[in-house]
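S.K.: Let me begin by handing over the structure; questions about it come next.
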Amino acid sequence: MSYYSRSPPPLQHPVPTHPAFIPEPPSTPASPQGYQRFASSPPQNQQYAARTQYHPPPFQPIPNPQPQHIPDFAAWGMNDTTAQFGMHLGQTAVAAGQDYVQKNFAGMIQVTMLKHHFNVSNSYVMHKLQLIIFPWRHKPWTRKVRRTEAGLTEWQPPRDDINSPDLYIPLMALVTYILVAAFQTGLQERFHPQILGASATRALLVVLLDFLFVQCGCYLLNVQGTGQVVDLIAYGGYKFVGVILTLFAGLLNLNPTIYALVFLYAFAANALFILRSLRSVVLPDSPANVGTVNPASRKRRISFLFLEAVLQVVYMGILVRV
């Protein structure tokens, strides 16, 4: 048996053919970021340069959230169940109080109304204080109105009308009165922290008493379209300006006669201011109310205004006794 050696056939490799001319790709503008676009793969050296120029952003560790501080109720002699029940009861009470105030007082005092009475400027405050202290030659006392886009009429804000009542001056005067009263008692070496609370309580009670008197008088006299609650509170708070002037006169250790004269002037100025300001509430000048008020009712209303003005000496006398 004979074996024949047979070699494999030789491999035939394809011969590459190259075109005679390779056209150049069209040039593209450089990117604003400094990158260049290639029609084919960039050379090896440019790829290496691009890889070496890449700088990863620095690693920023994510801060761990701080755990909320949970009070240790055990230190107060309460367990967790009792503490949670107390917190839940407190939240329920606060929510019930907010709901009660919203239902019962939202119709009386609105947020937009408060914004209207705090819409003041520096010029208004200076001229208003001048009007309260020197009301003798001021004219006119009528308030200005404006027409809204809906065709309704409303009072202009205090910024645009000096006769419009505001809450900024009464509130600042109330705080100043409490501080001046405490300072005066300190100079007399009888200051106590309770004086701050006593002065604030006395001031608020005087304002509340004055407000209730005006409201009851308007109700008994059948005054239609009485002023808003905030307006009457603002008018009653302007008396603190005269009270502060009287307290400053006491701080200067003036002669008792001069101190009494300052008090009488502050009372007279505030009485005239209240008399002329509340006239638009008790005796409105609108044509719809002129024919409905008979002479007898008009006389009673004027007497009520004078009584309200005279009562200012009682209110201010209570406030200056610190």
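Read-outs throughout are calculated quantities, based only on the coordinates presented, and are distinct from any laboratory measurement. Not measured: the values here are computed from a predicted model. Cβ atoms come from the backbone with ideal geometry, glycine included; neighbour counts cover every protein chain shown.
S.K.: Please list 3J(HN,Hα) in residue order for the range 123-131, calculated via the Karplus relation 6.51 cos²θ - 1.76 cosθ + 1.60 where θ = phi - 60°; whole Hz, with x for glycine and proline.
M.R.: With coefficients 6.51, -1.76 and 1.60, one gets 5, 5, 4, 5, 5, 5, 5, 5, 5 Hz.
S.K.: Once you list every other residue whose beta carbon is under 15 Å from the beta carbon of N294, what net charge do they have if Lys and Arg are +1 and Asp and Glu are -1? Don't jump to the answer; show the numbers that get you there.
M.R.: Working: positive: R298, K299, R300, R301; negative: none.
Every neighbour counted, the sum reads +4.
S.K.: Could you sort 236-245, 136-145 so that the peptide with the highest average Cβ count within 10 Å comes first and the rest follow in order?
M.R.: Numbers: 236-245: 24.0, 136-145: 10.9.
Highest mean packing first, the order is 236-245, 136-145.
S.K.: Right, something else. Counting Lys +1, Arg +1, Asp -1, Glu -1, what net charge surrounds L205 among other residues with beta carbon under 15 Å of its beta carbon? Write down the numbers at each step before the final one.
M.R.: On the way: positive: R202, K239, R321; negative: D210.
Net local charge, L205 excluded: +2.
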